[in-house]
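The values are calculated or read from the model by the stated rules, or taken from the named source; none is laboratory data. Computed from a predicted model, the values in this text were never measured in an experiment. Here the Cβ positions follow ideal geometry from the backbone for every residue, glycine too, while neighbour counts run over all protein chains shown. Note: areas computed on protein heavy atoms with side chains; ligands, DNA, RNA excluded. Shrake-Rupley method; radii C 1.70, N 1.55, O 1.52, S 1.80 Å.
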Amino acid sequence: MFNKTQKALTALREDILQKKYAGTELPSARKLCTIYNVGRGAMKVILSELQQEQLLFPLSERKLGINHKHSSAKKRKLLVISHPFLSYGWAGNISFERKSIVTDAALSRGVEVEFTTKDFINLNYMEFQQLQARHYSGVLFLELYHRETVLELLKNNIPVMISGVEENGDLPCCRLDYRQVGRLAAYELIRQGHQRIGVVTGSLQKFIFQEILRGIRGAMAEEFLTFDPELTAEISGQYGMVEDEVTLLKLLDTPRPPTGIIALRRNRIMLLQNICRQRNINIPQDISIVGFENPDWPGIAANDLTMVNDAILQLDKLTVNMLIDWISTGKAPESMIVAPSLHPGSSIRNPDENS
C-alpha cells in the first residue's frame, strides 16, 4: 500500500473511532475521496480494509454502515516479545530498527504496539491472567519463543505469530527459506569458478544449519561437484572460544583447503575474518567468502562482503500484517516461508586468478 493511501486509511479509521461521522451511514466513496485526497481505486482498498477490521459493514450495494459498537471498543493492541539479548551491543541497533518496522506496520493498520524484553521461558497462571487482563489482540514473538507459552496462548484463542524463527515446526510463523540460503551462497561461489567449498556453521543439530547445508550440497550436486565434509567447520561462534579458533585453523590448514567459504551468522564471519588476518590470508585474493547475515552489520559493510540477506526486517513487517489479518478475520494464516536475496560485495574472486 502506498504512503498516501496508508495516511488516508489511518485518517479515516481515526475519524471513525473518534465518531466524526454521526449516524450509521458513512459518506459516499466519492465524497470520501475528496475529504482524504485519494483516488477511487485507493479508497476502494481503504474501505475494504476497514470492513475487514469490522469498523464498517455493507448497508447496500453502494452504501457502508459504521459499526459503532466495534468502533467504541478499546483500540487493538499487540504484545511484542523479544529476548533481552537483542537489546545489547550491535544487536541493539537492529532491535531499534525492528521496533520501528513493527510499530509502523501495526499503526498503519490501526493497531497499537507494546514491547517487552521479558524472557518468557515459561508462562505461569498468574502471568497468563495478567496477559488476558491487558486485552491484547495478539502476540508477536521476535525469533525466540517458548513452545508451551505459544500453545497456551493459542488454546485460549489469542492469535500468536513468530517472526524469523530458525526452526521447523507446526507453530504459526514467518521465516526465511534456509535451504535456499545455502543454494544462493553456493551458486555464487560456483559461478565464480570455485569447486572446493567450505562451510563455517553452527551446530548441525539445529534445523537452520541443517537446511543451509542441504542447500549447499544440492547446489553443488546439480553442478556435478562433490561436497567434501572435511571442509565443514562446526563452531559455537561465542567470543573467546579457543576451540573455535582451533577448528577454523584446521579447516584453513588442510592439505587441500577450500578456495571459497560460506560463513553462517555474524560471529562466525567475524572470527573467520580475524583468523585470516592473523594468517595473512587475504580476502578475496587468497580465499573467497560468502556470508549469511544482515548486510548492514558494520563488520560486513566495512569489508564489503558478499552476503545472503537474512531479511529480518522484511520478515517482521510481513508477520505483523499476517497477525493483524488473523485478528481482523478470525482465520489463522498459513505459515510463510520467504525466499532470501543475495547482497553482492567484493569478497569473491575466481580462484584461477590467484594462481
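Please state the shape class of the range 237-286: rounded when a/c is under 1.5, otherwise prolate if a/b exceeds b/c and oblate if not, all from the C-alpha gyration tensor. Cα axes put the range 237-286 in the prolate bin.
For the chain, averaging the sequence separation of C-alpha pairs within contact (under 8 Å, six or more residues apart) and dividing by the residue count gives a relative contact order of 16 percent. If you take every DSSP beta bridge whose two residues both sit in the chain, what share of them, in percent to the nearest 5, is antiparallel? If I count the DSSP bridges inside the chain, around 15 percent turn out antiparallel. Could you calculate the FRET efficiency of residue 62 with residue 303 from 1/(1 + (r/R0)^6), where r is the beta carbon distance between them and R0 is 41 Å, rounded to 0.05? Given R0 = 41 Å and the Cβ-Cβ separation, E is 0.10. Pairs spanning more than 18 Å between alpha-carbon atoms, out of 31/63; 155/317; 99/206: 155/317; 99/206.
Among rounded, prolate and oblate, which fits the range 157-287 when a ≥ b ≥ c are the square roots of the eigenvalues of its C-alpha gyration tensor, a/c under 1.5 means rounded, and a/b larger than b/c means prolate?
Values: a/c = 2.37, a/b = 1.47, b/c = 1.61.
Note, shape of the range 157-287 comes out oblate.
Backbone amide hydrogens, once placed in the peptide plane, bring residue 228 within less than 5 Å of 197, excluding anything fewer than 5 places away on its chain. Relative protection proxy for 263-274, 8-19, 325-336, 165-176, from highest mean packing down: 263-274, 165-176, 8-19, 325-336 (other beta-carbon atoms within 10 angstrom). Here the range 269-331 was treated as a single set of alpha-carbon atoms; its pair distances binned every 5 Å from 0 give 4, 15, 20, 16, 10, 8, 7, 7, 6, 4, 3, 1 percent.
Seen through its C-alpha gyration tensor, with square-root eigenvalues sorted a ≥ b ≥ c, the range 215-355 comes out prolate because a/c lies at 1.5 or above while a/b is bigger than b/c. Measuring nothing but protein heavy atoms, the accessible surface of the chain at 1.4 Å probe radius is 50 percent carbon and sulfur. Projecting label points 7 angstrom from Cα along Cα→Cβ for residue 206 and residue 96 puts them 2.6 nm apart.
Using the heavy atoms of the protein chains and a 1.4 angstrom probe, tell me the accessible area per residue for the chain in square angstrom.
Working: 18100 Å² over 355 residues.
That works out to 51 Å² for each residue.
Students often check this: by mean Cβ neighbours within 10 Å, which of 102-108, 179-185, 207-213 ranks highest, and how do the rest follow?
For the peptides 102-108, 179-185, 207-213, the packing ranking is 179-185, 207-213, 102-108.
Cα centroid separation, the range 271-337 to the range 148-224: 12 Å.
Counting Lys and Arg as +1 and Asp and Glu as -1, what is the net charge of the other residues whose Cβ lies under 14 Å from the Cβ of residue 168? List each step's numbers first, then the result.
Working: positive: 147, 175, 179, 206, 214; negative: 166, 167, 170, 177, 211.
Residues near residue 168 contribute 0 overall.
Give, as a single signed number, the net charge of other residues whose beta carbon lies under 11 Å from the beta carbon of residue 313, with Lys and Arg counted +1 and Asp and Glu -1. That works out to -2. First measure r as the distance between the Cβ atoms of residue 21 and residue 104, then evaluate 1/(1 + (r/R0)^6) with R0 = 30 Å and state the FRET efficiency to the nearest 0.05. For R0 = 30 Å, the calculated efficiency reads 0.70. Since only 322, 141, 202 are under comparison, the one whose Cα sits farthest along the positive direction of the charge dipole of the chain, derived from C-beta charges on Lys, Arg, Asp and Glu, is 322.
Dipole size of the chain about its Cα centre, with +1 on Lys/Arg Cβ and -1 on Asp/Glu Cβ: approximately 1820 debye, rounded to the nearest 20.
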